[in-house]
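Notes for the one structure printed next.
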């Protein structure tokens, strides 16, 4: 019969009525799916420290980090003598770190460390403080690396003060990475001066690499450079000492082989 749905599928329900029912069903499914993915924040009694803290946790779980930070701040300010106050402070620092706001994380971890020096998670706080500095370092050595010294300070504290911490091993590795960046920059500056025949300044930088950043793969190159610059400035004895160290410590290095030819002009073969 015209205007009716096929027999056996929907009986004699008119097509237009069926379409309306189908549209309502689709809308219901969309609303259900949206509701499922919507905010998981619950109504809580925020007049208590625990309720306020759990309310902040709900915002964090919902990835509403700005609001979560504010809610944790409220816990800290409204209930400063509660056991939840310190937990809220640490949560604030962690959320800054999670959002990659490393200067803010650095400041928050630093304050936490100062106000809670005997906290059970002091190793974690110290390591995260070091990482906050580390993660602010530039990707290239030709830029300011002054924060590396701060990172090294707290990586050292993590490894030395908490040797059994799960963060100690990675702290040592990150410390070495910082030292390598600083050593590479010092070598970069030494070569800059060397190429411009500013030999005294270059020699000082090469010697800094040897003294402050040993065993990072730059020693043979630094000894060669320091020897060369010493000879160029007329400091023969100093140059000979650097050569002696190069030949004895790195006899198979390309720098040692090159030195035997290059330094003949200085009578140092």
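The values are calculated or read from the model by the stated rules, or taken from the named source; none is laboratory data. A quick note: this is a predicted structure, and the numbers were derived from the prediction, not measured. Methodologically, a virtual Cβ is constructed for each residue, glycine included, from the backbone with ideal geometry; neighbour enumeration extends over all protein chains shown.
Before moving on, here are some points about what is shown:
- Those residues of the range 99-115 which are surrounded by 16 or more Cβ atoms within 10 Å (Cβ to Cβ) and outside any helix (DSSP H, G or I), in sequence order: 101
- Tally of residues being part of a loop (DSSP other than H, G, I, E, B) and either surrounded by 19 or more Cβ atoms within 10 Å (Cβ to Cβ) or out of contact with any helix residue (DSSP H, G or I) (no Cβ under 9 Å at 6 or more places or on another chain) (or both) across the range 144-179: 4
- From 192, 231, residue being in contact with a helix residue (DSSP H, G or I) (Cβ under 7 Å, 6 or more places away or on another chain) and either over 29 Å from residue 149 (Cβ atoms) or assigned to a helix (DSSP H, G or I) (or both): 231
- Residue in the range 54-74 that is in a loop (DSSP other than H, G, I, E, B), modelled with pLDDT of 60 or more and in contact with a helix residue (DSSP H, G or I) (Cβ under 7 Å, 6 or more places away or on another chain) present: no
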